[in-house]
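Asker: Quick one: structure below, then a few questions.
The values are calculated or read from the model by the stated rules, or taken from the named source; none is laboratory data. Just so it is clear, the model here is predicted, and its values are computed rather than measured. Please note: Cβ atoms are built from the backbone with ideal geometry, for glycine as well, and neighbour counts cover all protein chains shown. What goes into the accessible areas is simple: the full protein's heavy atoms, side chains included, and nothing from ligands, DNA or RNA. Shrake-Rupley method; radii C 1.70, N 1.55, O 1.52, S 1.80 Å.
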Amino acid sequence: MHVSSFKTAHRLITGQQALHELPSQASKLGMQKPLLVTDRGVRESGTLDLVTSRMKDLDYAIYDRVPPEPEIEIVEECTQVFRHGGHDGLIAVGGGSAMDIAKSVSVYARHNNALETLFGEDKVESSRVPLIALPTTAGTGSEVTNIAILADNQQGTKRGIVSDDLLPDVALVAPEMTVSCPRSVTAASGVDALVHAIEAYLSNFASPLTDALALKAMTLIVRALPKAFANPNNLAAREDMATGSLMAGLAFGNAGVGAVHALAYPLGGRYHLAHGVSNALLLPHVMAWNKLACVERFHDIAHAFDEPCRGLSATQIADNVIARLHRLCRDVEIPAQLRAFDIPESTLPELAEAASQVERLLRNNPRVLSRDDIEQIYRAAY
């Protein structure tokens, strides 16, 4: 077994009514004038009110201009709001986009050089602003990971800031925060969480710790996602999804993700396809390619999915897992083909070239993929 380490947010607080801990946690971090980073959907749904109603003793302000696929420019704008407002902490309330913006601002606000110098691995050198993360979706796991992903419109792809300094001081995971989440977002973010668990389990850098988290996350998500999609007010399903997403985040935050995410990056960067949707579209097709390199691992995934294994060959088990993934995406009404999003087939070679450059993620993938392999995967998904 290779040497591995394990990292997460400095403090995890989970479960129904975990929000009651927000005032005391903000106080412990010395926050008196925090900036809440969110999006207009969260604000207009009333979900943000669950947070602000517990912050009456704080002189907070709200930045709600985070878009679904946040661009580099949003970090610049939010940082200016933070600096000019004299804020002393950040509270991210939203999905992965809001958390990635808040995480980026937390390291950029006290950075003396251009934002560009932070992209890549371990480029953060300045001190970080105190940060609390409150997810409103069960999917991204960003509340416990050390990476922030931003769209670069000039390059037509996504880029990451990777540093342990991005790990929030506190992650508050309360399932009631996800109840107002639109059904389409519940579906896309839920499959995104499943992708995190599966890719972490198949990663070249998986460990016994991440394996245990990933397998349990798969079990929770596969059972709970259809229920949460069918009935948004099913709080038991919402709690299982929140827990599964958190466990998947802990798994991939340490083992990494692979080719599904690498191929999803150009789709988000060029066509602004929602991250969870692009992952869902690509997952079964990447799994079909990966099974040659790690077919024995599909047996454990099948058990997590409660799929039968007795009397079946390893290849049959893997094929059943892939078929189950197709059914799950269909059940939660995620389109099965890239063509449904008006992506020109003629651009697939360009997308393959862009994805082949995402070496940070492809090195985690169990099967080595060439540019031509990647193009074939895109065509299978098209």
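Asker: Within the set of pairs 6+ apart or on separate chains, which have a first residue in the range 120-146 that is over 28 Å from residue 217 (Cα atoms), a second that is charged (D, E, K, R), and C-beta atoms under 7 Å apart?
Answerer: Qualifying pairs under 7 Å: 124/165; 126/110; 127/110; 128/165; 129/110; 130/169.
Asker: List the number of the failed condition for residue 111; all other conditions in (1) in contact with a helix residue (DSSP H, G or I) (Cβ under 9 Å, 6 or more places away or on another chain); (2) outside any strand (DSSP E or B); (3) under 30 Å from residue 188 (Cα atoms) hold.
Answerer: (3)
Asker: Something else about it: Name the residues in the range 286-321 that are open to solvent by less than 70 Å² (accessible area, probe 1.4 Å) and in contact (Cβ under 8 Å) with a residue 60 or more places away in the chain, would you?
Answerer: Answer for the range 286-321, where residues must be open to solvent by less than 70 Å² (accessible area, probe 1.4 Å) and in contact (Cβ under 8 Å) with a residue 60 or more places away in the chain: 286, 287, 288, 289, 290, 293, 294, 297, 300, 301, 304, 305.
Asker: On to the next question. Looking at (1) open to solvent by less than 20 Å² (accessible area, probe 1.4 Å); (2) closer than 26 Å to residue 251 by Cα, which is the one condition that is false for residue 122?
Answerer: It fails just one condition, (1).
Asker: Separate question: One residue is enough: does the range 346-359 have a residue meeting the conditions under 24 Å from residue 220 (Cβ atoms), modelled with pLDDT of 95 or more, open to solvent by 70 Å² or more (accessible area, probe 1.4 Å) and not in a loop (DSSP other than H, G, I, E, B)? Step through it out loud before you land on a result.
Answerer: Narrowing the range 346-359 to residues under 24 Å from residue 220 (Cβ atoms): none.
Looking for residues that are under 24 Å from residue 220 (Cβ atoms), modelled with pLDDT of 95 or more, open to solvent by 70 Å² or more (accessible area, probe 1.4 Å) and not in a loop (DSSP other than H, G, I, E, B), one finds none in the range 346-359, hence no.
Asker: Please find, among 14, 52, 8, the residue that is within 18 Å of residue 172 (Cα to Cα), of a type in the set (Val, Ile, Thr) and modelled with pLDDT of 95 or more.
Answerer: Numbers: 14 fails: modelled with pLDDT of 95 or more; 8 fails: modelled with pLDDT of 95 or more.
That would be 52, the only listed residue that is within 18 Å of residue 172 (Cα to Cα), of a type in the set (Val, Ile, Thr) and modelled with pLDDT of 95 or more.
Asker: Whether any residue in the range 288-307 is part of a loop (DSSP other than H, G, I, E, B) and either within 27 Å of residue 230 (Cα to Cα) or among the small types (Gly, Ala, Ser) (or both) is what I want to check.
Answerer: yes
Asker: Please find, within the range 147-158, the residue that is farthest from residue 277 (Cα to Cα) out of those that are in contact (Cβ under 8 Å) with a residue 24 or more places away in the chain and surrounded by fewer than 19 Cβ atoms within 10 Å (Cβ to Cβ).
Answerer: 155
Asker: Pairs needed: first member in the range 1-27, within 25 Å of residue 236 (Cβ to Cβ); second member anywhere, among the charged types (D, E, K, R) and outside any loop (DSSP other than H, G, I, E, B); C-beta distance under 8 Å; at least 6 residues apart or different chains.
Answerer: Final answer for the pair search is 9/143; 13/21; 15/239; 16/176; 16/239; 17/176; 19/176.
Asker: Can you pull out the residues in the range 360-370 that are aliphatic (A, V, I, L, M) and either buried (at least 19 other Cβ atoms within 10 Å of the Cβ) or not in a loop (DSSP other than H, G, I, E, B) (or both)? Explain how you work it out, then say what you get.
Answerer: Let us first name the residues in the range 360-370 that are aliphatic (A, V, I, L, M), namely 361-362, 368-369.
Selection gives 361, 362, 369.
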